[in-house]
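Student: So that we are looking at the same thing, I have put the structure below in structure tokens.
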Amino acid sequence: MVVFLFVFTFSLFRFVVLLKAPLFKEGVLVVKEGESASSIIKKINPRSETFYIAAKLYLIFSGKDKSLRPCYINLSRDDNFLTIVDKIIHYKEPLIRVVIFEGMDSFEIAELFSNINLREESKKFLDKVLTLKLEGYLFPDTYYLSRYKFSDTFISLATRNFKQKAESLLNKSRILSPYETLILASIIQKETYTKREMPVIAGVFYNRLKRGMPLQADPTVIYALKLRYHKNVNVRLTRKDLEIDSPYNTYRYRGLPPTPICNPGLDAIKAAVYPAETEYLYFVSKGDGTHAFAKTLREHNLNIERFRR
């Protein structure tokens, strides 16, 4: 009995020391709606199993596991687990839920920010993305953000998300460099949202690149127009638009554009890394979200006439 009490007291003392010790962790902690106590503990300290047990027992026996709420809090080097829990429980500012869909470009994201009354942050965001060439690296996902340093925090979270979920996949490409693969994935993403078609469209683009043919991708021209007007534009391309002198105009310039034209999801990236083996060189929209593919220009022109009639 004495031994048991000694072990219990020692373990309790050790747990208290662990929970009160500074974590020396600066940065931002985001707690999402409905996130479990276990998930929050692992975000705070993902490495120590002893810390996890101590923190979980503390939350359960104190009843504080039921008081944890969605939040966005800044951590200082002096914070320990107990002070962090206190910050989470007493957090008052509601988080802004931002959904970035696959294929959204920086202009569309900036417009989204502006539409939720964050016009200044919208401008800051767009300027930073274009200056630092971050298009393509803002991973599509749901983000919970505070108005404080909104755009900077979003960029930090989205690029970190990209690094964790997409970077290793891009490095598997054996045809193009990782960055070139990301550029191609962004074009594929804008051409179709049909998952099964993505590898085929990737195969078409690779075939055209091999033959030195221009990609002739409409979404790249639309992106060129967005860059010209420095805002999101919704246009039905005209012949005049296809003559715009821009390295993003893949009707005038062969090869890939200089940067990605949107932020692709994993399906489009996988298609760019693992394209389908095909002899197709052309495709045209059927108007229902899918495409008709062709090996020859004559066949392609017949498809155009058929589906655009």
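Only the coordinates and a few stated rules stand behind these numbers; no lab work does. In this text the structure is predicted, and so the values were computed from the model without any measurement. Quick reminder, even Gly has a Cβ in these numbers, built from the backbone with ideal geometry, and neighbours come from all protein chains shown.
Student: Neighbour counts of other C-beta atoms within 10 Å: give me Phe205, Phe150, Phe61, Phe15 arranged from fewest to most. Spell out each step's value before the answer.
Tutor: Details: Phe205 24, Phe150 21, Phe61 9, Phe15 17.
Fewest-to-most Cβ neighbours within 10 Å comes out as Phe61, Phe15, Phe150, Phe205.
Student: For the range 154-215, what is the largest minus smallest coordinate of the Cα atoms on each principal axis, given in angstrom and ordered from greatest to least?
Tutor: Ordered largest first, the range 154-215 gives principal extents of 38, 24, 18 Å.
Student: Another question, then. Any chance you could check the Cα centroid distance between the range 165-243 and the range 63-93 for me, in angstrom?
Tutor: Here the answer is 43 Å between Cα centres.
Student: Which three extents, in angstrom, do the Cα atoms of the range 222-307 have along their principal axes, listed largest first?
Tutor: The Cα atoms of the range 222-307 stretch 36, 31, 27 Å along their principal axes.
Student: May I pose another question? Which residues' amide hydrogens lie under 5 Å from the amide hydrogen of Val28, considering only partners 5 or more residues apart or on another chain, with H built in the peptide plane?
Tutor: Leu75
Student: I've got another one for you. How long are the semi-axes of the equivalent ellipsoid of the range 176-286, defined as square roots of 5 times the Cα gyration tensor eigenvalues? Whole Å, largest first. If you can, show how the numbers build up before the last one.
Tutor: Working: eigenvalues 92, 44, 36 Å².
Over the Cα atoms of the range 176-286, the ellipsoid semi-axes are 22, 15, 13 Å.
Student: Relative contact order for the range 174-307: what is it in percent, counting Cα pairs under 8 Å that are at least 6 residues apart? Walk me through the numbers before you get to the answer.
Tutor: Numbers: 205 pairs, mean separation 45.2, N = 134.
Normalised by residue count, the contact order of the range 174-307 is 34 percent.
Student: Using only the alpha carbons of the range 58-109, determine the length spanned along each of the three principal axes and report them from longest to shortest in whole angstroms.
Tutor: 46, 26, 19
Student: If you rank Ser48, Ser246 by fewest surrounding Cβ atoms within 10 Å, what's the result?
Tutor: Ordered by Cβ neighbours within 10 Å, fewest first: Ser48, Ser246.
Student: Just rank Met213, Met198, Met104, fewest to most, by other beta-carbon atoms within 10 angstrom.
Tutor: Met213, Met104, Met198
Student: In the calculated pair distance distribution of the range 14-89, what percentage of Cα-Cα distances lie above 17 Å?
Tutor: Working: 1035 of 2850 pairs.
Distances greater than 17 Å cover 36 percent of the Cα pairs.
Student: If you wrap a convex hull around the C-alpha atoms of the chain and split its volume per residue, what is the figure in Å³?
Tutor: Given the Cα convex hull of the chain, per-residue volume reads 166 Å³.
Student: Report, in order of residue number, the helices in the chain meeting two criteria: a C-alpha extent of 24 Å or more along the helix axis, and a mean Kyte-Doolittle hydropathy of at least 1.6; treat each whole DSSP H run as one helix. Write down the numbers at each step before the final one.
Tutor: Details: long enough: 2-20 (27 Å, 2.27).
The qualifying helices are 2-20.
Student: Considering the Cα trace of the range 83-200, what is its radius of gyration and what is Dmax, both in angstroms?
Tutor: Radius of gyration, then largest Cα-Cα span, for the range 83-200: 16.3, 53 Å.
Student: Also, quick follow-up: Can you tell me the relative contact order of the chain? Whole percent, Cα pairs under 8 Å, sequence separation 6 or more.
Tutor: 16
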